[in-house]
Amino acid sequence: QVHLVESGGGLVQAGGSLRLSCAASGRTFSTYMGWFRQAPGKKRDFVASIRRSNGDTYYEESVKGRFTISRDNAKNTVDLQMNSLKPEDTAVYYCTTGPSSFAAEYWGQGTQVTVSS
């Protein structure tokens, strides 16, 4: 079992920045760590992921150039730096671990990000 705890969500104005962090504990040897998000009334969507071994990163098209994912294997953490935030980025953001770049096996409880216009 893997336990994931997110932090860093909040309310920010459009154009602003937030940094999300996630700490993993338990059986923390999944190949990838990443982030998904779910906006009100919408399905949960992939945002970004990173391969733990070599740092290869993957991003959903709308966040490329604005979001940066990073990891610290020694601390079993993954961060998501979000810049130039837009109202459409408003969602609950979930930390994940999984066997591939776009698949999640374990989920955190989620952290709310709200971007005001």
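The residue list Ala14, Ala39, Ala23 contains one member that is of a type in the set (A, V, I, L, M) and over 16 Å from Thr114 (Cβ atoms), which is Ala23. Evaluate region 47-58: report whether one residue or more is touching a strand residue (DSSP E or B) at 6+ places or on another chain (Cβ under 9 Å), in contact (Cβ under 8 Å) with a residue 12 or more places away in the chain, among the small types (Gly, Ala, Ser) and surrounded by 15 or more Cβ atoms within 10 Å (Cβ to Cβ). Yes, region 47-58 contains a residue that is touching a strand residue (DSSP E or B) at 6+ places or on another chain (Cβ under 9 Å), in contact (Cβ under 8 Å) with a residue 12 or more places away in the chain, among the small types (Gly, Ala, Ser) and surrounded by 15 or more Cβ atoms within 10 Å (Cβ to Cβ). Of the residues making up region 74-101, those that are β-branched (Val, Ile, Thr) and more than 18 Å from Asp56 (Cβ to Cβ) are Thr90, Val92.
Here, each number is a calculation from the coordinates, and none is a lab measurement. Please read all numbers here as calculations on a predicted model, not as lab measurements. Glycine also receives a Cβ, built like all others from the backbone with ideal geometry; neighbour counts cover every protein chain displayed.
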